[in-house]
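A.B. asks: Here it is: the structure, laid out below.
The values are calculated or read from the model by the stated rules, or taken from the named source; none is laboratory data. For clarity, every value in this text was computed on a predicted model and none was experimentally measured. Cβ sites come from the backbone with ideal geometry, for glycine too, and all protein chains shown count toward neighbours. Please note that ligands, DNA and RNA were not included when accessible areas were found on the heavy atoms of the full protein model with its side chains. Shrake-Rupley method; radii C 1.70, N 1.55, O 1.52, S 1.80 Å.
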Amino acid sequence: HKYQNTLVMDDEKVMKSTPTTMRIKGGDDQSPTAAEKKNETNPLDQGGEEKQEQQLRMVILAGPHKTASTETQWFLANLQWFFQKSLLAPFQWPSDPDGEIHTKQFSNLVKDLYEEQRQQKTKKNEFVFEDYKEGNFSYKEHYRNEFQRIWSHRQTSSNSIVLGAELWGPLSLHKYGPGAIRELMALLPSNKNKVTVALNYRTPRFDHLFSIYQQSKKMQEHLHGGDSFRNWMCKMDCTLPDPKLNLRVLNTLGQALAFRRLQQDDGDDVVVVDMSGAAAQGMDIREVYACEILHLDACKNPSSRNRMLATMEKPPKTKEYSLSGVKTPTESSTKINNSTAKLLLPPLSETLNDLEGQINEVLRKLDCSYFDAITSPNSGIRLLYSSYNASYCPSAFRKEASSFTDGHACLAIQKVLKCPGSNFPSSLPPPLPPPLPPVPTGMKRSDISNTTRMTIIEGHFSTILSIISVVTIYLFRRAMRGHFSHTKR
């Protein structure tokens with residue numbers, strides 16, 4: 001529990017499943033993939049052209065924390081093993097080093113890649129996540145081999161990969177996160193990859209923030225009883241040092257933009273699911289992932305779809321494990337009741353309910369700072385069931401929010417809560433750079449990277465020339481004034 005202020009949150013503990021139910025026994029011959037091979041004809045055997053066009057798809061469930069991401073992972077992992085013939089096709093959920101599948105297994109892979117990047121940059125042999133290593137074992141190499149194993153089954157219908165870790169979302173905005181994400185892409189065994197990153201957008205925005213606080217409070221209680229919401233926010237360092245817990249955890253739209261900048265191919269994309277919007281239309285977010293993001297084969301057949309949706313029913317809360325051995329998520333309600341309404345300490349007389357609207361407006365301003373980049377037709381970011389539109393972010397409000405960052409949002413919330421001024425830093429990280437230019441049809445983003453780089457260099461060169469010109473004129477005028485005064489004397 002010494003990491004109560006890190007981004008690890010409920011990803012911190014890698015949950016182990018029950019070996020008797022979850023271990024993949026007997027090697028590949030008895031795996032769901034092998035079962036599919038026996039029972040299905042391979043559509044790729046029907047023509048060489050289809051074989052040539054085959055891509056390895058990877059879908060990354062990137063969270064962020066407290067957005068039903070664990071529940072979604074639990075659902076998808078069950079689809080793979082629960083039936084004799086996997087309902088997760090055409091995807092596979094990779095196995096952990098023990099040959100098991102469970103919802104938190106990729107946390108160690110994230111930490112492995114992140115720590116490697118951090119050590120390469122800092123040249124220091126120290127770890128942020130001190131517990132992520134087990135001896136000298138490399139999760140990076142394990143999953144490289146595991147991805148290769150799945151890709152070797154490309155003659156069957158299950159050769160694509162789905163994985164999830166809530167740490168990916170927040171780390172995309174941190175110093176060494178982008179390098180770690182690039183390393184993850186480099187583990188894929190094929191050059192023909194389509195990578196989709198899926199993120200959840202939770203509203204009301206204050207509910208998301210308060211849920212993160214509750215999770216953090218649970219971890220803190222093991223040490224010193226936990227903090228009130230106000231104290232927790234007032235202790236937050238708004239300079240956003242890496243990897244302290246801060247508002248980057250709930251900055252879903254900033255994460256989406258960061259992931260999109262890392263993608264190289266115009267076939268890659270980022271998907272943001274508005275959780276409230278989906279619920280308003282009667283859609284369970286797990287079904288959205290299965291049928292609208294992964295496009296599982298089971299969604300195309302009414303009988304298979306019904307069997308798939310039946311697995312969404314959770315076992316009784318008194319049981320720690322589901323039938324599959326995958327630990328059942330327990331999401332605490334974020335509804336503010338009478339006991340949580342008074343979590344603010346003196347000198348404030350307001351309750352948390354009184355200030356919720358002001359905090360929501362701050363987080364709305366943060367969201368609207370990304371509006372133009374996110375909603376651009378060429379952004380490569382898909383919004384599902386979204387209420388994120390011009391009425392939510394009117395033009396005047398967007399203009400005011402254009403340079404607003406998660407650091408500014410942190411400061412603004414601290415101001416609402418009347419935190420002591422000593423926590424206010426003198427400088428904040430700059431906002432994300434403007435989006436990359438649109439990729440022409442048929443081209444990859446990497447094909448225009450040199451042109452983009454030259455455009456940036458030319459822009460910088462023009463700026464430098466302008467500065468030199470101004471300085472030269474100033475010095476010339478100063479020299480002339482000195483010359484004339486000397487002549488008069």
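A.B. asks: Within 10 Å of each candidate Cβ there may be at most 16 other Cβ atoms; applying that plus a DSSP loop requirement, which trypsin sites (Lys or Arg not before Pro) in region 65-107 survive?
C.D. replies: Numbers: sites: LYS66, LYS85, LYS104; in loops: LYS66, LYS85, LYS104.
For trypsin sites (Lys or Arg not before Pro) across region 65-107 that sit outside H, G, I, E and B with at most 16 neighbouring Cβ atoms in 10 Å, the list reads LYS85.
A.B. asks: Now for a separate question. Can you tell me the relative contact order of region 143-193? Whole percent, Cα pairs under 8 Å, sequence separation 6 or more. Walk me through the intermediate numbers first.
C.D. replies: Numbers: 26 pairs, mean separation 22.7, N = 51.
In percent, rounded to a whole number, it is 44.
A.B. asks: Another question, then. Of the peptides 140-148, 108-116, 296-304, 284-292, how do they stack up when ordered by the mean number of other Cβ atoms within 10 Å, highest first? Present the calculation step by step, with values, prior to reporting the outcome.
C.D. replies: On the way: 140-148: 17.1, 108-116: 23.9, 296-304: 15.0, 284-292: 20.6.
My ranking of the peptides, most packed first, is 108-116, 284-292, 140-148, 296-304.
A.B. asks: Within region 146-206, what whole-number % of the accessible surface is contributed by carbon and sulfur, with the 1.4 Å probe and all protein chains included in the calculation? Each step should come with its number before you reach the end.
C.D. replies: Details: 800 of 1660 Å².
Taking all protein chains in place, region 146-206 shows 48 percent carbon and sulfur surface.
A.B. asks: Would any residue of region 170-209 have its amide N under 12 Å from a label point 7 Å out along Cα→Cβ of THR122? List them or say none.
C.D. replies: Of the residues in region 170-209, 175-176 have backbone N under 12 Å from the label point off THR122.
A.B. asks: At 1.4 Å probe size, with no ligands or nucleic acids counted, give the accessible surface of THR472 in Å², nearest ten.
C.D. replies: 80 Å²
A.B. asks: Another question, then. With a 1.4 Å probe and all protein chains left in place, how much accessible area per residue does region 232-289 have, in Å²? Write down the numbers at each step before the final one.
C.D. replies: On the way: 1600 Å² over 58 residues.
That works out to 28 Å² for each residue.
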